[in-house]
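Take a look at the structure below.
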């Protein structure tokens, strides 16, 4: 849903140029956006978003 929207409006290309992150539904950005829009209470309580690699290392 979010990745497709970014592809259609050109924001996906801008994001890729700035971050190197492809516009793909499995990207953490789109998962975080979904959480923000569908689980507002959980999102509001969340202090940080980290990947599994960061979790294991730290």
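The values are calculated or read from the model by the stated rules, or taken from the named source; none is laboratory data. Just so it is clear, the structure is predicted and the values come from calculations on it, not from any experiment. Every residue, glycine among them, receives a Cβ derived from its backbone with ideal geometry; neighbour counts consider all protein chains shown.
With respect to the numbered conditions (1) modelled with pLDDT under 95; (2) touching a helix residue (DSSP H, G or I) at 6+ places or on another chain (Cβ under 9 Å); (3) part of a helix (DSSP H, G or I); (4) loosely packed, with under 11 Cβ neighbours inside 10 Å, which one is the sole condition not fulfilled by residue 26?
So the condition that residue 26 fails would be (3).
Quick check on this structure: which one of 53, 18, 7 is out of contact with any strand residue (DSSP E or B) (no Cβ under 8 Å at 6 or more places or on another chain), assigned to a helix (DSSP H, G or I) and surrounded by 12 or more Cβ atoms within 10 Å (Cβ to Cβ)?
Matching residue, one of 53, 18, 7: 7.
Could you please find all residues in the stretch 29-50 being surrounded by 11 or more Cβ atoms within 10 Å (Cβ to Cβ) and in a helix (DSSP H, G or I)?
Residues satisfying the conditions are 29, 30, 31, 32, 33, 34, 35, 36, 37, 43.
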